[in-house]
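Step one of this worksheet: look at the structure below.
Taken together, the values in this text are just the output of simple stated rules run on the coordinates, not laboratory data. In this text, all values refer to a predicted model and were calculated from it rather than measured experimentally. Virtual Cβ from ideal backbone geometry, glycine too; neighbours counted across all protein chains shown.
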C-alpha cells in the first residue's frame, strides 16, 4: 500500500480533486459570458440553438444608430468621468495623507459612503437633487450628458481616493525632503516625486472609475434627462422585448473594450511598480 | 576663530515641539572645511539640529548662520546646503544620471554643462559606469553613492549626512568610513554628520559635538573627548569607563588625592586638579589604562619600586572574561564588591591564557590615567 506522504501547501494543487474543483469554479464564473459571446456569432434569430457562424449581428449592431449613439455616449461619459475622478480622488487622498484638520477621522470614513450607499437610493437622491436645483434638461450634445457625468463622478472618485490613499502609505517622506533639499519648490516636489509614486494607484483607481461608469445602469437611469441614453440603458430597453443576438454582439464589444482597458492599465502599472 | 573661517554658526538655538524641548539652547561654530560629527544617543536632538541646518525645521529661538548669512527662516530649497538622507531617498523612477541631474535644473546650469558636472560627480563616487542604471538594480552601498553624488553636484557650502552608514553591513561600513573621509579631504566641502555610533564619529570627524537630551555636552576633537571628557555623560558615552564617586582630599599643584568609598581607598593623581570645587565628584578610569598583575596568596601590592611612582593599586578577583580576539575584557570584583572593567590587548597568541576565571589579581594604573569629573 502506498504510504501517505505529507504535502506541502502548494502540492495540494496537484490533487485531481483539487484541479477539478478549480476547473468547476472557472466554469461557473465564465460559462454565462462564453455563451453570450458564442451566440453573438449564431446564425439564428433565436438565442437557443446553434445554426452556424455569422458576423451579421455585429453588422446589424453597428447599423443600429441608436445603439451606436448610446455606446458613444457611454464611452464619452466614462472617459470624462475617469479623468475628473482621478484628479478629485488624488487630491482627496493627498489631503487626507498630508494634512491634519478637525473631524479628519469621520470625514475619512465618510469618504467611502458613496460606495456603500445602495445605488437605488443614490439614484433617487441624484434625481431629486437635479430637479430641486432646476438643472437644465435641454442642453445641446454633448452637454446634455453633464448630469450623468456629474452623477458618475460622485460615486466613482471615492474609489480612486481609497486606492491612492493606500498607495501613499508606502511613500518615503524623505523623498519629498530630498527634492526640496535639491532646490525644488513644494509644487515641483509634488509633481516630480509624489505623483510618480501615486501613479500605480491613479491607474488602478482610474480603471475602476472607467468600468464603474461604463456599466452603471441604476444611477444613470435616474440621472439621464429625456433623449440621452447610455449603452446599459439602451441594452435594457432592447432586452425588454426579446434578447436578440444583436444585444449579444454589442455586449461582446463592451467586454472587449473593458478587457483591453484592463490589460493596458495593468501593463502601465507593472511598468511603474517595477521602478519602486 | 575669525568670522571668515566659520561656515556654520548656531546661536542659542532652541527647538520645542509643544512641551517637549528637542534642542535646548545649543551654540556651535563649525569652521570651513571641517568634518564635524553630531553624536549622541537616539532622541538627544542631534537629528533635529541637523534638520534645522537643512531647513526642514525652523528654530523656536535662536539663529543659524551659514557663511555669515542668517538662514533661520529660509526654506530648504533656498539654502546653500545639501543632505544625504538616512534612507538615501534616491528617486526610484529616475535613472542614476537623472537623479544626480535633478538638483541642477534649479540652479540655472546650462544643459550643455549639466552632463559634464553630473558625470564628474558620479566619477567622484566611482559610479560613472552605472549612470543609466535604475536604483532598484543597485545595492544599498551604490544607492548611497548616488545620494552623495546628487548632493555634491550642487557644490553646496555644507554637506549634511544623516546616519550615513547605519544601513550598511559591517564590512562595507568600515570601508565607507575611510572613503567618506577621503572624499571630504579631496573636495574640501564642510561635512556635518549625525550619528549615534561613537566609533564612526571618532574615526571620521575632525571634531565632534556630543549631545544629550537636547543639550550640548561637549565639543572637542575625538581624542580630547575620549581622554578629557567634560562630564560623566561624555565619559560614559564615548567608550567604556569605570566611574567612582569620591571626595577631593588633597589638591596640590603637582598631585591630588580623591578618597572614594566605592573603590575602597584613595585615588592618586600625578597632577593638580586646581579649581575643582565641591564635595562630590567622580573619577573615571578607562579599562585599557589598567594593568592586571597576578596576586599570590599573602602577597603585598606592587610597590613603587616595580612600578612607576604615583601608581594606584587595588585588589580584585576575575569574574567574567570576554575574549574579543584583538583584546580580552575582564570583569573584576573588587574586595568591597564593586565591579570594574579591565581590557587587555592580546599582544601574543598566548596572552589570553595568562588569566582565567576566579584568578586573584592586582589592578594597577598610573597617576595620569584617571580623569576627575565634577558633573
**Cut-off 13 Å (backbone N to label point 7 Å along Cα→Cβ of residue B:215), residues of region B:60-91** = none
**Message:** Taking 10 °C and 1.306 mPa s as the conditions, I'd like the Stokes-Einstein D for region A:94-236 in µm²/s, using the Kirkwood hydrodynamic radius from alpha carbon pairs.
**Reply:** 91 µm²/s
**Request:** Grab the DSSP H runs of the protein assembly as shown that are 4 residues or longer, score each as -39,500 (n - 2.57), total them, divide by all residues and round the 222 nm result to the nearest 500 deg cm²/dmol.
**Result:** -13500 deg cm²/dmol
**Fill in**
Rounded to the nearest whole number, the Stokes-Einstein translational diffusion coefficient of region B:153-225 at 20 °C and 1.002 mPa s (Kirkwood radius, C-alpha pairs) in µm²/s is 163 µm²/s
**Item:** Overall dimensions of chain B as given by Cα atoms, namely Rg and Dmax in Å
**Value:** 25.2, 85
**Request:** Provide the descending list of Cα extents for region A:92-178 along its principal axes, expressed in whole angstroms.
**Result:** 53, 27, 21
**Request:** First measure r as the distance between the Cβ atoms of residue B:333 and residue B:375, then evaluate 1/(1 + (r/R0)^6) with R0 = 22 Å and state the FRET efficiency to the nearest 0.05.
**Result:** 0.20
**Asked** Between region A:172-224 and region A:99-143, how many Å separate their Cα centres?
**Response** 21 Å
**Request:** Kindly state, to the nearest 0.05, the FRET efficiency for residue A:69 paired with residue A:21, given R0 = 60 Å and r defined as their beta-carbon distance.
**Result:** 0.85
**Prompt:** Antiparallel DSSP bridges in the protein assembly as shown: what percent, to the nearest 5?
**Reply:** 80 percent
**Request:** Quick one: order B:161, B:292 by neighbouring beta-carbon count within 10 Å, fewest to most.
**Result:** B:292, B:161
**Prompt:** Hey, how many Å between the Cα centroid of region B:76-128 and the Cα centroid of region A:232-258?
**Reply:** 56 Å
**q = 0.06, 0.11 Å⁻¹: log10 I(q)/I(0) that the Debye formula gives for the protein assembly as shown, counting C-alpha atoms only** = -0.60, -1.14
**Prompt:** Label points 7 Å out from Cα along the Cβ direction at residue B:254 and residue A:107: separation in nm?
**Reply:** 7.9 nm
**Request:** Kindly give the semi-axes, whole Å and largest first, of the ellipsoid equivalent to region B:90-208, taking each as the square root of 5 times a Cα gyration tensor eigenvalue.
**Result:** 25, 17, 11
**Request:** Average the reciprocal distances over every distinct pair of alpha-carbons in chain A, invert the result, and give the Kirkwood radius in Å.
**Result:** 22.1 Å
**Asked** Gap in Å between the Cα centre of region B:195-217 and the Cα centre of region B:310-357?
**Response** 28 Å
**Asked** In µm²/s, what is D for region A:154-276 at 10 °C and 1.306 mPa s, where D = kT/(6 pi eta Rh) by Stokes-Einstein and Rh is the Kirkwood radius from Cα pairs?
**Response** 92 µm²/s
**Asked** According to a simple spin-label model (label point 7 Å from Cα along Cα-to-Cβ), what is the distance in nm between residue B:261 and residue A:14?
**Response** 7.6 nm
**Prompt:** Among B:255, B:93, what is the fewest-to-most ranking by other Cβ atoms within 10 Å?
**Reply:** B:255, B:93
**Item:** Mean shadow area of region B:241-373, taken as a quarter of the surface of its Cα convex hull (nm²)
**Value:** 8.2 nm²
**Prompt:** Which percent, to the nearest 5, of DSSP beta bridges fully inside region B:118-265 are antiparallel?
**Reply:** 65 percent
**Prompt:** What shape does region A:206-248 take by its C-alpha gyration tensor, where a ≥ b ≥ c are the square roots of the eigenvalues and a/c under 1.5 counts as rounded, a/b above b/c as prolate, and the rest as oblate?
**Reply:** oblate
**Request:** Evaluate the distance, in nm, between pseudo-label points positioned 7 Å from the Cα of residue B:321 and of residue A:139 along their respective Cα→Cβ axes.
**Result:** 9.0 nm
**Fill in**
On the formula 1/(1 + (r/R0)^6), with r taken between the Cβ atoms of residue A:60 and residue A:240 and R0 of 22 Å, the FRET efficiency rounded to 0.05 is 0.75
**chain B: angle of helix B:111-124 to the longest principal axis, Cα-based, in degrees nearest 10** = 20 degrees
**Prompt:** Given region A:18-86 reduced to its alpha-carbon atoms as identical point scatterers, what log10 I(q)/I(0) does the Debye formula return at q = 0.21, 0.22 Å⁻¹?
**Reply:** -0.91, -0.93
**Prompt:** What fraction, in whole percent, of alpha-carbon pairs in region B:170-325 exceed 19 Å separation?
**Reply:** 67 percent
**Request:** Using only the alpha carbon atoms of region B:1-141, find the Kirkwood hydrodynamic radius as the inverse mean reciprocal pair distance, in angstroms to one decimal.
**Result:** 17.4 Å
